[in-house]
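Undergrad: One structure coming up, written as structure tokens, with questions to follow.
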Amino acid sequence: MRIGFVAEPYEERNASGMGYVILELMRNLPKEGPAHEFLFYSSKPIDRALVPGAYENIIVPHNFLKKLWFFFTLKNCPDALIFMVPMVPLIVRGVHAIPMCQELASQKIPPQGLSAKAFAFLRDQILMRLSFARASHIIAASEATKKDLMHFYGIGEDRIAVSYDGFQSLEVYKDEAVPVNENLKPYFFFIGKVKYRKNVHGIVSAFIRFKKRMSSNCQLVIAGDYGGSYYEKIQEDIKEAGLEQNVHFVGYTVKGALYAYYKNALACVFPSINEGFGMPIVEAMSLGTPVITSNISSMAEVADDAALLVDPHNVDAISEAMERIYNGEALRTELITKGKDRATIFSWPKAAREYIRVVEAL
């Protein structure tokens, strides 16, 4: 079969989120489906050193309307075309359209501000609906996302396949890991962008309560892009609690530095309000780091019984989980063992094989 794949968003350096998903699928689809012909559509040439393999790279216009017209008038069409919803192509004639959906966040967490609301309406109520209506099949990143698709868009269960994401194997950066500053230890660790959906405010509030209860030199390390009013409000809470020297925002972190932060942490604290998958959960587990995460959305599904599950809206529950980890050597050992086993069921080659099975079934 001729399988098309729209490489958007395509990021070559420091890819994260959807960009990282796109990158890893491109790397693995040709390897896992050698009997098929792959066409990768991108608005700039794909770096062959970054994405090796047998595929044809077709350049498409960068402009939205020109890109829409390109796919509408597509010649020499593939048998199936996979793309991240609601990216264009929205309308492709004579092709099995297979949108992939990582998450539905704004349907659950209403955006703030007029422009954000207008953009969310255009994306969620117009573009997404058009993509789903024309889809031959849909691929969701988790059962939680599948249920959201059924709930918010009324899509039949038989039209949605679940393919779990893989995760970034940070073990390859072990030899280049930078030692963590000893003054930070012991510490709890969060990785992700500092924004409301990630519940960083809940993590910080829980840590403040933990410090009030415990006579401890424990620290909190937060790795990820930060700034804006949300971050400033969190800083105010930290200052009011007198913990400016105990909460550390270390910025965007990758490779050896990220490996070191995971490996030396008491636990990865990831009680997000909503996720389509929750890659940091599996990253932490694969490196033998205990995990505290949410008992809702995809996170409970991905973690199963290999993490402490908490209500992300209950600050006391998050704080008490921190205390259990801090005081419980036996608990940490149990979670490390379970976590390593759990991480083995997720991989990008496995995800790519499941994508190919969906196409073959059509």
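Undergrad: For segment 180-199, indicate whether the set of residues that are more than 30 Å from residue 256 (Cα to Cα) and surrounded by 17 or more Cβ atoms within 10 Å (Cβ to Cβ) is non-empty.
TA: Quick first cut of segment 180-199, residues more than 30 Å from residue 256 (Cα to Cα) only: none.
No - not one qualifying residue is present in segment 180-199.
Undergrad: Taking helices (runs of 4 or more DSSP H) that fall entirely within segment 80-177, which contain at least 2 residues that are in contact (Cβ under 8 Å) with a residue 60 or more places away in the chain? Step through it out loud before you land on a result.
TA: Working: elements: 114-121, 128-133, 143-153.
In segment 80-177, 143-153 are the helices (runs of 4 or more DSSP H) which contain 2 or more residues that are in contact (Cβ under 8 Å) with a residue 60 or more places away in the chain.
Undergrad: Answer yes or no: is there a residue in segment 293-300 that is at negative phi and in a loop (DSSP other than H, G, I, E, B).
TA: Start the filter on segment 293-300 by keeping residues that are at negative phi, which leaves 293-296, 298-300.
When the remaining residues are screened for being in a loop (DSSP other than H, G, I, E, B), the result is 295-296.
Checked segment 293-300: at least one residue is at negative phi and in a loop (DSSP other than H, G, I, E, B).
Undergrad: Could I ask something else about it? Only residues that are of a type outside the set (S, T, N, Q) and touching a helix residue (DSSP H, G or I) at 6+ places or on another chain (Cβ under 8 Å): list them for segment 21-40, please. Can you show your working first?
TA: Just the residues of segment 21-40 that are of a type outside the set (S, T, N, Q), to begin with: 21-27, 29-40.
Residues satisfying the conditions are 24, 25, 27, 29, 31, 32, 33, 36, 38, 40.
Undergrad: Would you mind finding the one in 217, 199, 274 that is at positive phi and out of contact with any strand residue (DSSP E or B) (no Cβ under 7 Å at 6 or more places or on another chain)?
TA: Values: 217 fails: at positive phi; 274 fails: at positive phi.
The unique qualifying residue is 199.
Undergrad: A follow-up question, please. Say we look at segment 1-54 and pick out the residues that are closer than 30 Å to residue 194 by Cβ and of a type in the set (Phe, Trp, Tyr); which of these is farthest from the chain's Cα centre (by Cα)?
TA: In this case the residue turns out to be 10.
Undergrad: Which of the residues belonging to segment 42-79 are of a type in the set (Phe, Trp, Tyr), touching a Pro at 6+ places or on another chain (Cβ under 9 Å) and at pLDDT below 95? Spell out the reasoning first.
TA: Looking only at segment 42-79, we keep the residues that are of a type in the set (Phe, Trp, Tyr), and these are 55, 64, 69-72.
This time we only want the ones that are touching a Pro at 6+ places or on another chain (Cβ under 9 Å), so: 55, 69-72.
69, 70, 71, 72, listed by residue number.
Undergrad: From (1) under 21 Å from the mean Cα position of the chain (by Cα); (2) within 30 Å of residue 252 (Cα to Cα); (3) not assigned by TED's automatic domain parsing to the domain that holds residue 328, pick out the condition that doesn't hold for residue 118.
TA: Every listed condition holds for residue 118 apart from (1).
Undergrad: Hey, another quick one. Looking at this structure, is residue 238 under 20 Å from the mean Cα position of the chain (by Cα) and either over 17 Å from residue 171 (Cα atoms) or in a strand (DSSP E or B) (or both)?
TA: Working: under 20 Å from the mean Cα position of the chain (by Cα): no; either over 17 Å from residue 171 (Cα atoms) or in a strand (DSSP E or B) (or both): yes.
Taking the combined requirement at face value, the residue does not satisfy it.
The values are calculated or read from the model by the stated rules, or taken from the named source; none is laboratory data. Bear in mind the structure is a predicted one, so any value in this text is a computation, not a measurement. When we count neighbours, we look across all protein chains shown, and the Cβ atoms used for this are built from the backbone with ideal geometry, even at glycine.
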